[in-house]
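Worksheet: one structure, shown below.
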Amino acid sequence: MKKTKKHLCALFDLDGVIVDTAKYHYLAWKKIAAEFDYELTEADNEQLKGVSRSDSLNRILEMAGKSLDEDSFNQFLHQKNKDYLIFIQEVKKDNILPGVKHALDFLKENKIKIGLGSASKNAQIILEKLEITSYFETVVDGNSVQNGKPHPEVFLKGSQLLGVDPEYCVVFEDSQAGIHAAQAGGMTAIALGEEKVFSDMDYCFPNFEALDSATLKTLF
Ligand code: B16
Ligand code: MG
């Protein structure tokens, strides 16, 4: 990894970065899309990652060539979340993705500030289920922003609350919308996942296991 400036804070995305809840969002949306006679593919789902609940439904409606009145739109949002909450009932601390706990401990030991920047309105519940709430000095989630990713608001708010200039913040993301949000905020954007699905990131790693202490030391 090329030499980089030392960063002072780390902003974590949640779904797909800390825990594999991205698969549950996919299953819940697939069920809704089927009601519009549309088969939601994994490629379609890639475009929904990091995108807010209502923006996701708008995109699915566009894919399916359908439109809804406001009441039905809200009912589908409610139904999607109801199904999603059932899926995540079983989430527990063993579900933290490999390498994430090591990174959180590394950052804590090195006095690097840690924040969450998630589009999800369910972020707090999931952090509690994973028993990692105490690592996060600030949690910015779908309940506290006006603009969803790729708008940088979620990360800018996080850096502001942590008192760190955006250029000294690292963002860990699994979605293209989130990478664009981090870049738009002037932060270092680290993509987690397959390199081919991303553009405009600063670095890409397959997962947190690849971010060992030596790599973390280069960043922080
Ligand atoms: P909710 P992240 C995002 O979380 C998910 O990637 C995205 O699929 C989901 O639609 C969005 O949260 C809203 O989630 O319905 O729980 O409010 O990746 O930004 O942590
Ligand atoms: Mg995500």
Theoretical FRET efficiency, 1/(1+(r/R0)^6), r = Cβ-Cβ of Met1 and Ser67, R0 41 Å, to 0.05: 0.30
Estimated translational D of segment 98-190 in µm²/s (Stokes, Kirkwood radius over Cα pairs; 25 °C; 0.890 mPa s): 184
Please compute P(r) over all alpha-carbon pairs of segment 22-90, binned at 10 Å starting from zero, and give each bin as a whole-number percent. 21, 61, 18, 1
Compute, for the chain, the length of the dipole vector about the Cα centre, with Cβ point charges of +1 (Lys, Arg) and -1 (Asp, Glu) only. Units Debye, rounded to 20. 700
Estimated translational D of the chain in µm²/s (Stokes, Kirkwood radius over Cα pairs; 20 °C; 1.002 mPa s): 122
DSSP-assigned coil residues among chymotrypsin sites (Phe, Trp or Tyr not before Pro) in segment 131-201, each with at most 10 further Cβ atoms within 10 Å: none
Taking Cα pairs closer than 8 Å and at least 6 residues apart, the relative contact order of segment 22-90 in percent is 44
Tell me, what does the Kirkwood hydrodynamic radius of segment 168-211 come to in angstroms if you use every pair of distinct C-alpha atoms? 10.1
What list of ³J(HN,Hα) values in whole Hz, one per residue of segment 143-149 in order, does the Karplus curve 6.51 cos²θ - 1.76 cosθ + 1.60 (θ = phi - 60°) give from phi, with Gly and Pro shown as x? 7, 10, 10, 8, 10, x, 4
Normalised by the residues of the chain, what does the relative contact order come to in percent, with Cα pairs under 8 Å and at least six apart? 28
Tell me the label-point distance for the pair Thr41, Lys23, using the 7 Å Cα-to-Cβ offset, in nm and rounded to one decimal. 2.1
If I stretch the segment between Thr133 and Lys92 completely, what's the gain in nm (0.36 nm per residue apart, minus their alpha carbon distance), one decimal? 13.5 nm
Entries of Lys92/Lys121; Lys113/Lys217; Lys66/Lys92; Lys6/Lys49; Lys121/Lys217; Lys108/Lys129 with Cα pairs more than 25 Å apart: Lys66/Lys92; Lys6/Lys49; Lys121/Lys217
In what order do Ser134, Ser159 fall by count of nearby beta-carbon atoms within 10 Å, going from fewest to most? Ser134, Ser159
Could you work out the relative contact order of segment 53-158, using alpha carbon pairs under 8 angstrom and six or more residues apart, expressed as a whole percent? 22
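Readers should treat all values here as calculations from the given coordinates under stated rules, not as data from a laboratory. None of these values were measured; they are calculated from a predicted model. Neighbour counts run over all protein chains shown; Cβ positions are idealised from the backbone, glycine included.
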